[in-house]
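Engineer: One structure is given below, represented as structure tokens, and several questions about it will come after.
The values are calculated or read from the model by the stated rules, or taken from the named source; none is laboratory data. Predicted model only: the values in this text are computed from it and were never measured. Please note: Cβ atoms are built from the backbone with ideal geometry, for glycine as well, and neighbour counts cover all protein chains shown.
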Amino acid sequence: QSVLTQPPSVSGAPGQRVTISCTGSSSNIGAGYDVHWYQQLPGTAPKLLIYANTNRPSGVPDRFSGSKSGTSASLAITGLQAEDEADYYCQSYDSSLSGGGVFGGGTKLTVL
Amino acid sequence: EVQLVQSGAEVKKPGESLKISCKGSGYSFTSYWIGWVRQMPGKGLEWMGSIDPGDFDTRYRPSFQGQVTISADRSISTAYLQWSSLKASDTAIYYCARLRYSSGWFDYWGQGTLVTVSS
């Protein structure tokens, strides 16, 4: 299991708002390290969705937003669309682990 | 346009060696770290390690240290991931991705290389 905890699944109807949490600890998110989010559509490579907690790369719709507080971070998706059905991963850095960053376990978003 | 193009799918037997590649284009290859990420069948993403092609500084997550070797050839803007003796448990999709500094975020990803290890 990852040091970053995500719910295995979330769901929502088209047009609704959903949030995906990413819970860490004092050695990663709580230590001030940035959180990044990726979207992986079925059968494709991951794609950067949010970087440094709240920033969207060019081309990512503003329906996607990120936030961070304490030892947790969240990804919010508003105006849910069928094309948003995918796996979502958070990523950060952990000072207790050597060799790089860590990913959350991933969350499967189902659009009902 | 930034692109990372990975080598094609591989089918290998246990005990065989393998080297897969990741060619960068559209940016200064030596200015960004390249990371490798494993995704086992039906599972999540795992950070394996990374390399700075500028000075070849290489870092591995403990669970991958000694199991794989990450390298790069600056002259052809290509990073590599290699195994000396594959195991069935190495069956996975391997992604390379450009890192915004050694512990930052992956902003561009390769298409992935499927490695299948089976007798």
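Engineer: Can you say whether residue B:30 is touching a helix residue (DSSP H, G or I) at 6+ places or on another chain (Cβ under 9 Å) and surrounded by fewer than 21 Cβ atoms within 10 Å (Cβ to Cβ), as far as the supplied structure shows?
Structural biologist: On the way: touching a helix residue (DSSP H, G or I) at 6+ places or on another chain (Cβ under 9 Å): yes; surrounded by fewer than 21 Cβ atoms within 10 Å (Cβ to Cβ): yes.
Judged against the criteria, residue B:30 is a match.
Engineer: Right, something else. Can you name every residue in the range A:79-104 that is within 18 Å of residue A:19 (Cβ to Cβ) and under 14 Å from the mean Cα position of the chain (by Cα)?
Structural biologist: A:84, A:85, A:86, A:87, A:88, A:89, A:90, A:91, A:92, A:104
Engineer: Here's a check for you: in the range A:22-52, which residue that is more than 9 Å from every other protein chain (Cβ to nearest Cβ) and free of Cβ contacts under 8 Å to residues at least 12 places away in the same chain is nearest to residue A:77 (Cα to Cα)?
Structural biologist: Among them, the one singled out is A:43.
Engineer: Return the total of residues in the range A:62-72 being assigned to a strand (DSSP E or B) and out of contact with any Ser or Thr (no Cβ under 6 Å at 6 or more places or on another chain).
Structural biologist: Result for the range A:62-72: 4.
Engineer: Counting only residues that are more than 28 Å from residue A:33 (Cβ to Cβ) and crowded, with 17+ Cβ neighbours inside 10 Å, which one in the range B:95-119 is nearest to the other protein chains (Cβ to nearest Cβ)?
Structural biologist: Ranking the candidates gives B:113 first.
Engineer: Within the range A:78-112, how many residues are modelled with pLDDT of 95 or more, within 14 Å of chain B (Cβ to nearest Cβ) and not in a strand (DSSP E or B)?
Structural biologist: 3
Engineer: Given the structure, is residue A:10 surrounded by 15 or more Cβ atoms within 10 Å (Cβ to Cβ), aliphatic (A, V, I, L, M) and either on the phi > 0 side of the Ramachandran plot or within 14 Å of chain B (Cβ to nearest Cβ) (or both)?
Structural biologist: So residue A:10 does not fit the description; no.
Engineer: Got at least one residue in the range A:62-83 being touching a helix residue (DSSP H, G or I) at 6+ places or on another chain (Cβ under 8 Å), surrounded by 15 or more Cβ atoms within 10 Å (Cβ to Cβ) and in contact (Cβ under 8 Å) with a residue 60 or more places away in the chain?
Structural biologist: Scanning the range A:62-83, I find at least one residue that is touching a helix residue (DSSP H, G or I) at 6+ places or on another chain (Cβ under 8 Å), surrounded by 15 or more Cβ atoms within 10 Å (Cβ to Cβ) and in contact (Cβ under 8 Å) with a residue 60 or more places away in the chain, so the answer is yes.
Engineer: Scan the range B:62-69 and tell me whether some residue there is in contact with a Leu (Cβ under 7 Å, 6 or more places away or on another chain), crowded, with 16+ Cβ neighbours inside 10 Å and not in a strand (DSSP E or B).
Structural biologist: no
Engineer: Which condition number does residue A:58 fail, the rest of (1) under 22 Å from residue B:107 (Cα atoms); (2) in contact with an Asp or Glu (Cβ under 8 Å, 6 or more places away or on another chain); (3) assigned to a loop (DSSP other than H, G, I, E, B) being met?
Structural biologist: (2)
Engineer: Restricting the search to the range B:15-52, which residues are under 25 Å from residue B:119 (Cβ atoms), of a type in the set (A, V, I, L, M, F, W, C) and more than 13 Å from chain A (Cβ to nearest Cβ)?
Structural biologist: Residues satisfying the conditions are B:18, B:20.
Engineer: Can you tell me which residue in the range B:61-77 is nearest to the chain's Cα centre (by Cα), limited to those that are away from every other protein chain (no Cβ under 14 Å) and under 25 Å from residue A:36 (Cβ atoms)?
Structural biologist: So the residue we want is B:72.
Engineer: Only one of these is touching an Asp or Glu at 6+ places or on another chain (Cβ under 6 Å) and in a strand (DSSP E or B): A:48, A:75. Name it.
Structural biologist: Step by step, each of A:48, A:75 is checked, and only A:48 is touching an Asp or Glu at 6+ places or on another chain (Cβ under 6 Å) and in a strand (DSSP E or B).
Engineer: Go through the residues of the range A:39-47 one by one and say whether even a single one is of a type in the set (Gly, Ala, Ser), out of contact with any helix residue (DSSP H, G or I) (no Cβ under 8 Å at 6 or more places or on another chain) and within 14 Å of residue A:22 (Cα to Cα).
Structural biologist: No, because not a single residue in the range A:39-47 is of a type in the set (Gly, Ala, Ser), out of contact with any helix residue (DSSP H, G or I) (no Cβ under 8 Å at 6 or more places or on another chain) and within 14 Å of residue A:22 (Cα to Cα).
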